[in-house]
1. May I ask you to say which residue of LEU13, LEU6 is within 9 Å of the chain's Cα centre (by Cα), open to solvent by 50 Å² or more (accessible area, probe 1.4 Å), at negative phi and not β-branched (Val, Ile, Thr)?
2. Using the structure shown, decide if ALA56 is in contact with a Lys or Arg (Cβ under 9 Å, 6 or more places away or on another chain) and loosely packed, with under 12 Cβ neighbours inside 10 Å.
3. What do you reckon, is LEU34 in contact (Cβ under 8 Å) with a residue 24 or more places away in the chain and open to solvent by 50 Å² or more (accessible area, probe 1.4 Å)?
4. Can you tell me which residue is nearest to MET1 (Cα to Cα) among those in region 42-51 that are in a loop (DSSP other than H, G, I, E, B) and at pLDDT below 95?
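The values are calculated or read from the model by the stated rules, or taken from the named source; none is laboratory data. Computed from a prediction, not measured in an experiment: that's the story for all the values here. For neighbour counting, all protein chains shown are included, and Cβ atoms are generated from backbone atoms with ideal geometry for every residue, glycine included. Just so you know, the surface numbers come from the protein's heavy atoms only, side chains and all, with ligands and any DNA or RNA stripped out. Shrake-Rupley method; radii C 1.70, N 1.55, O 1.52, S 1.80 Å.
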Amino acid sequence: MIETKLDNSDTWLNAGQFQSSPATLVIPGNPESLPRAVQLRARYVEKNAPVGQYSAVVATATQPAS
């Protein structure tokens, strides 16, 4: 299970459950076509129930198309 936080959000959003690697995520653009700050974390899922602890948070940024 992968969760994301965009820009300065306080809320983690579910980006989906992925059964194999690599997972491909689509980060929505913003109205101003500016880069977005993205934080990601993952958690193992067994029989559709999250188990264990979250991974370390990874931070990155999007690059809008010109």
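1. The match here is LEU13.
2. Spelling it out, ALA56 is indeed in contact with a Lys or Arg (Cβ under 9 Å, 6 or more places away or on another chain) and loosely packed, with under 12 Cβ neighbours inside 10 Å.
3. Against the criterion (in contact (Cβ under 8 Å) with a residue 24 or more places away in the chain and open to solvent by 50 Å² or more (accessible area, probe 1.4 Å)), LEU34 qualifies.
4. Going through region 42-51, the residues in a loop (DSSP other than H, G, I, E, B) turn out to be 43, 47-48.
Restricting the remaining residues to those that are at pLDDT below 95 gives 47-48.
Values: LYS47: 12, ASN48: 10 Å.
Going through the qualifying residues, I end up with ASN48.
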